[in-house]
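Beneath this line is the structure, given in structure tokens, with notes to follow.
The values are calculated or read from the model by the stated rules, or taken from the named source; none is laboratory data. Note that this is a predicted model, so its numbers are computed, not measured. Quick reminder, even Gly has a Cβ in these numbers, built from the backbone with ideal geometry, and neighbours come from all protein chains shown. Ligands, DNA and RNA are stripped out before the accessible areas are found, and what is left, the full protein with its side chains, is counted by its heavy atoms. Shrake-Rupley method; radii C 1.70, N 1.55, O 1.52, S 1.80 Å.
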Amino acid sequence: MSDTQGSEGSTQRLPVIEKDTGTLGQSASAADHDPPPRSAAGDGGREGRFWSARRIPAAVTALLLFAGAGLFLYDIASVRAGRPAMRWRRELADQLATRPLDDTWVLVGAGVTAVLGLWLLVLALTPGLRPLLTMRRVHPDVRAGLHRELAALVLRDRAMEISGVRSVRVRMRRSRADVRAVSHFRDLDDVRADLDSALADAVRGLGLARQPSLSVRVRRPGRKG
């Protein structure tokens with residue numbers, strides 16, 4: 001589609017290309033490219049991340065609380081019915097009443113409880129689903145997301161279309177895409193310039209709400225033996 005637009009005489013602003021040939025056999029961006037400018041059409045503004053349902057931690061916590069509460073209620077009802085309290089509860093009450101606060105096991109138990117509580121608070125206050133990238137909202141009632149592995153696969157396929165590229169490794173993060181390519185012919189700076197242009201267009205085509213910056217490096221294949 002970009003070739004057709006170019007043949008009709010329209011121009012498209014591409015990211016600034018900075019060449020760095022200080023390292024022998026490798027061409028790399030001198031600095032990470034800023035995210036490509038967004039188009040005004042279909043820009044849904046800043047979109048928040050998807051929140052995880054946390055089903056497994058919630059189920060485990062609810063199961064443990066239910067089991068503990070049920071056990072205590074059974075023991076209390078048994079005591080009210082005239083039966084003796086369970087042995088483990090009597091020993092626990094005796095230990096809590098006799099052990100000092102600076103005892104090792106008391107400190108260990110308090111530390112484990114604090115860590116578990118902090119972990120539950122982190123799960124409750126953070127969205128999670130880090131592998132899922134939020135896409136631009138076109139329809140107000142529809143939210144879409146793109147998995148980071150799929151986004152990396154799209155960028156890799158686009159990079160493999162560039163002449164001279166032998167192999168590509170893409171690591172997709174939330175705010176940056178790290179592209180490492182190996183070129184077996186053509187000048188490295190020319191290959192990287194084509195990669196910068198093609199990948200910038202590919203990033204815009206992903207339709208992400210927060211478009212990541214690009215870090216592109218190109219090198220020669222290593223010598224065998």
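Please give the FRET efficiency for ARG223 paired with LEU150, using the beta carbon to beta carbon distance and R0 = 30 Å, rounded to the nearest 0.05.
On the way: r = 34 Å, r/R0 = 1.14.
Step by step, r from the Cβ atoms, then E = 0.30.
Solvent-accessible area per residue in region 55-125 equals 85 Å², computed with a 1.4 angstrom probe and all protein chains kept.
Using a Förster distance of 25 Å, how high is the FRET efficiency between MET160 and ARG130, based on the Cβ-Cβ distance and rounded to 0.05?
For R0 = 25 Å, the calculated efficiency reads 0.40.
Solvent exposure of PHE72, expressed as accessible area, is near 90 Å², computed with a probe of 1.4 Å over the protein chains only. Maximal additional length on extending the LEU116-SER78 stretch stands at 10.6 nm, based on 0.36 nm per residue less the C-alpha distance. Working from Cα pairs under 8 Å separated by at least six residues, relative contact order for region 132-219 is 32 percent. Counting heavy atoms of the protein chains alone, TRP119 has an accessible area of about 130 Å² for a 1.4 Å probe.
The radius of gyration of the Cα set in region 88-159, together with its Dmax, comes out at 24.2, 69 angstrom.
Taking Cβ atoms as reference points and 14 Å as the exclusive limit, the residues near THR61 contribute a net charge of +2, counting Lys and Arg as +1 and Asp and Glu as -1. Accessible surface of ARG89, taken over heavy atoms with a 1.4 Å probe and every protein chain present, rounds to 70 Å². For region 132-219, the alpha carbon convex hull comes to 73 Å³ per residue, rounded to a whole number.
Annotation: amide H-H contacts under 5 Å for LEU208 (H modelled 1.01 Å from N, sequence separation of 5 or more, or interchain): ARG136.
Here's how it looks for ARG166: its modeled amide H is under 5 Å from those of VAL182, SER183, HIS184, which are all 5 or more places away or on a different chain. A Förster radius of 22 Å combined with the Cβ-Cβ distance from LEU71 to ALA97 puts the calculated FRET efficiency at roughly 0.65.
Sorting ILE56, ILE162 by solvent-accessible area of protein heavy atoms yields ILE56, ILE162, largest first, with a 1.4 Å probe.
May I ask you to give the percent of accessible area on region 55-125 that is carbon plus sulfur, with a probe radius of 1.4 Å? Provide the component values of the computation, followed by the final result.
Working: 4460 of 6060 Å².
About 74 percent, which is the carbon plus sulfur part of the accessible surface.
What the pair-distance distribution of region 43-96 shows, using all Cα-Cα distances binned every 10 Å from zero, is 19, 28, 20, 14, 9, 7, 3, 0 percent. Once you sort the root eigenvalues of the Cα gyration tensor of region 55-125 as a ≥ b ≥ c, which label holds: rounded (a/c under 1.5), prolate (a/b larger than b/c) or oblate (the other case)? It comes out oblate by the Cα gyration axes.
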